[in-house]
Amino acid sequence: MYGAAVFAPEGDGMGGGAPEGGAAPVGGVPPESLMFPSEAPADDAGSPPEGAEGDAPETDAADLADEVPEDGRYDFSLPEGMAIDQKLAEAMSPVLKDIGLTRGQAQALAGALAAHRQSEAANGSREWADIQTGWVNSAKKDSEIGGGRWDTSVATAQGALARFGTPGLRAFLTESGGGNHPEVIRFMARVGNAIAEDRPESGGAGAGRSQEAAHLLFPSDKPKG
């Protein structure tokens, strides 16, 4: 991703989901996880918590802003959702003092850096959302799992993951967006189809006999026993 910086956005910036149905997202929001649509992270765009903003105390704040701190320590006010790299800030503070920056000037510099980092994070999120949207669109056009087979392919893939997927795998596919990749959907749909083929409704050599997971995932291997 990006190199070390004084200010960096908290979190990965990849939350949010589109309504179920596969409509192309607007504004760089990644598509909802096809594997676990009900578990896609919600777009939390609520209001800032109470108390986050308040009236500035009527003190000598203006005078302090015009001072160069004698101890070389600068207190930065950052936008909500931004975190400061304390080690880098401590390393830079003596430099800011030596060149004679006042607290106000240092804060202006911090604000510019924070805005730049927010812009970088937003661009990265939009690019990742566009990649995921491209995956979904590609999967919908795929000759094996797309077209008229799309809804069935997604349902079959979800069924396979419900049976064999671990909580860790489910979390990874949802949080990473990997569950929207055409090859992941294709693989899981094939597993789901293999389950259906190896479990006839009635009669047949396989009736009444549970299949081992290894045999379902690798049908060339004969089940033990």
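The values are calculated or read from the model by the stated rules, or taken from the named source; none is laboratory data. Because the structure is a prediction, the values reported are computed rather than measured. Don't worry about glycine lacking a Cβ; one is built from the backbone with ideal geometry, like all the others, and counts go over all protein chains shown.
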Residue by residue through the stretch 82-109, note down the ones that are modelled with pLDDT of 80 or more, closer than 26 Å to ALA122 by Cα and either assigned to a loop (DSSP other than H, G, I, E, B) or in contact with a strand residue (DSSP E or B) (Cβ under 7 Å, 6 or more places away or on another chain) (or both). MET82
The listed residue being modelled with pLDDT of 90 or more and surrounded by 12 or more Cβ atoms within 10 Å (Cβ to Cβ), out of GLU127, GLU212, GLU144: GLU144
Scan the stretch 82-108 for residues that are in contact (Cβ under 8 Å) with a residue 60 or more places away in the chain and surrounded by fewer than 14 Cβ atoms within 10 Å (Cβ to Cβ) and jot them down. ALA83, LEU88
Kindly indicate which of GLU67, GLU120 is modelled with pLDDT of 85 or more and either of a type in the set (Ser, Thr, Tyr) or assigned to a helix (DSSP H, G or I) (or both). GLU120
Quick one: in the stretch 147-183, which of the residues that are touching a helix residue (DSSP H, G or I) at 6+ places or on another chain (Cβ under 6 Å) and assigned to a loop (DSSP other than H, G, I, E, B) is surrounded by the fewest Cβ atoms within 10 Å (Cβ to Cβ)? HIS181
